[in-house]
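Asks: Dropping a structure here in structure tokens format, bear with me for questions.
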Amino acid sequence: MLFLKSITPPIFIFWFKKLFHRKKFIRNVKNWDEALDISTSYNTANVFNKTLNSARLVRDGKAVYERDSVIFNKIQYDYKLLSSLLFIANTQNRLHVVDFGGALGTSYRQNLKYLDSLDVSKKWTIIEQSEYVRIGTNEFQTDVLSFSGSISNIDFEIDVIMMCGSICYLEKPYDILDQIKKAKPKFILIVRTPFSNSMNDELSIQIVPNNIYEATFPIWTFSETKFITYLSDMYEVFETWDDDHQPDTDATNKGFLLQIKIS
């Protein structure tokens, strides 16, 4: 395989990847109702059960790391996310995190070694669907990690609200941005989220690889200009980057660290 790659012109590799990745998405979906008619949902038993089983393995020390229910033999660090968290902890002298769509604690456990080294106050609350909140509270909650069904339920001052590839799967993502702005966190951290240069958001169906689980999800590709402008009345971009994972060749998975404006 390495030999073939070494002798294949880059343009052919580019088009092979583009054609291959196109099979993972159904384009030109008109609206959310149509998307639901031709897809499944994140809120299904097979997705939840596989996610739960993988999270239990990591919690119990029988696996090292999981992401999207997939087990890895070593932690797959997102160093841009981690450096953002460490930067926030340094500037705020604490780290109070709201992890929107954080499942059963994937990002928390991913970065736990570094979080444990911080000699500051730490809180990490995951906002999730009701079944995740129930199981998370019963089985995964710690002195630092907790679970809730809504941002409005948070009872501590929030340093950062982070969304790791979650807001793009919501029917009304801008309603969530309104809730975030109302909560007024010091920072907003967005990673693994698809953006385009278009002036409009685009709705597609993502076909999840069968080796993860059988599912199809509605997914938004956001207009970068529209999305950032929507937050610009209160937040400014501190840093931005292209993500290491690029499953969609018609979009760019990006990360943003936004900081609240000082009035």
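Asks: Just to verify a result, which residue in region 111-135, among those that are touching a strand residue (DSSP E or B) at 6+ places or on another chain (Cβ under 8 Å) and in a loop (DSSP other than H, G, I, E, B), is surrounded by the most Cβ atoms within 10 Å (Cβ to Cβ)?
Replies: Glu128
Asks: Moving to a separate point now. Of the residues that sit in region 69-104 and are in contact (Cβ under 8 Å) with a residue 40 or more places away in the chain and farther than 30 Å from Lys184 by Cβ, which one is surrounded by the fewest Cβ atoms within 10 Å (Cβ to Cβ)?
Replies: Val70
Asks: Specify the residue that is most open to solvent (accessible area, probe 1.4 Å); the eligible residues are those in region 168-180 that are among the hydrophobic types (A, V, I, L, M, F, W, C) and in a helix (DSSP H, G or I).
Replies: Ile176
Asks: From Gly149, Gly165, which residue is open to solvent by 10 Å² or more (accessible area, probe 1.4 Å), over 24 Å from Leu82 (Cβ atoms) and in contact (Cβ under 8 Å) with a residue 12 or more places away in the chain?
Replies: On inspection, the qualifying residue turns out to be Gly149.
Asks: For region 240-254, give me each residue that is touching a Gly at 6+ places or on another chain (Cβ under 6 Å) and either outside any loop (DSSP other than H, G, I, E, B) or without any contact (Cβ under 8 Å) to a residue 24 or more places away in the chain (or both).
Replies: Trp241
Asks: Output the residues belonging to region 152-162 that are more than 19 Å from the chain's Cα centre (by Cα) and open to solvent by less than 60 Å² (accessible area, probe 1.4 Å).
Replies: Answer for region 152-162, where residues must be more than 19 Å from the chain's Cα centre (by Cα) and open to solvent by less than 60 Å² (accessible area, probe 1.4 Å): Ile154, Phe156.
Asks: While we're on this one: Against the conditions (1) open to solvent by 40 Å² or more (accessible area, probe 1.4 Å); (2) out of contact with any His (no Cβ under 8 Å at 6 or more places or on another chain); (3) outside any strand (DSSP E or B), where does Val237 fall short? Just the number, please.
Replies: For Val237, the exception is condition (3).
Asks: Do we have Asn138 as at pLDDT 95 or above, more than 24 Å from Phe87 (Cβ to Cβ) and part of a helix (DSSP H, G or I) here?
Replies: Against the criterion (at pLDDT 95 or above, more than 24 Å from Phe87 (Cβ to Cβ) and part of a helix (DSSP H, G or I)), Asn138 qualifies.
Asks: If I filter region 40-68 down to residues being open to solvent by less than 50 Å² (accessible area, probe 1.4 Å) and of a type in the set (A, V, I, L, M), which single residue comes out as farthest from the chain's Cα centre (by Cα)?
Replies: Ala63
Asks: Still on this structure, please answer the following. Among Leu81, Leu95, Leu86, Leu115, which is of a type outside the set (Ser, Thr, Tyr), closer than 26 Å to Pro218 by Cα and modelled with pLDDT of 95 or more?
Replies: Leu81
Asks: Moving on. When you look at Glu157, is it out of contact with any helix residue (DSSP H, G or I) (no Cβ under 6 Å at 6 or more places or on another chain) and part of a loop (DSSP other than H, G, I, E, B), yes or no?
Replies: Spelling it out, Glu157 is indeed out of contact with any helix residue (DSSP H, G or I) (no Cβ under 6 Å at 6 or more places or on another chain) and part of a loop (DSSP other than H, G, I, E, B).
Asks: Let me ask another. Determine, yes or no, whether Val29 is at pLDDT 90 or above and within 23 Å of Asp250 (Cα to Cα).
Replies: yes
Asks: Of all residues in region 253-263 being modelled with pLDDT of 90 or more and open to solvent by 50 Å² or more (accessible area, probe 1.4 Å), which is farthest from Lys24 (Cα to Cα)?
Replies: Step by step, filter region 253-263, then rank; the result is Lys261.
Asks: Also, quick follow-up: I'd like the residue in region 181-226 that is free of Cβ contacts under 8 Å to residues at least 40 places away in the same chain and in a helix (DSSP H, G or I) and, out of all such residues, is most open to solvent (accessible area, probe 1.4 Å).
Replies: Among those residues, the one meeting the criterion is Lys182.
Asks: Which fully enclosed strands (runs of 3 or more DSSP E) of region 42-108 have 2 or more residues being touching a strand residue (DSSP E or B) at 6+ places or on another chain (Cβ under 7 Å) and within 18 Å of Phe147 (Cα to Cα)?
Replies: 94-100
The values are calculated or read from the model by the stated rules, or taken from the named source; none is laboratory data. What you see is a predicted model, and the numbers here were worked out from it, not measured in a lab. So basically every Cβ, Gly included, is an ideal-geometry build from the backbone, and we count neighbours across all protein chains shown. All accessible areas refer to the heavy atoms of the entire protein, side chains included, with ligands and DNA or RNA removed. Shrake-Rupley method; radii C 1.70, N 1.55, O 1.52, S 1.80 Å.
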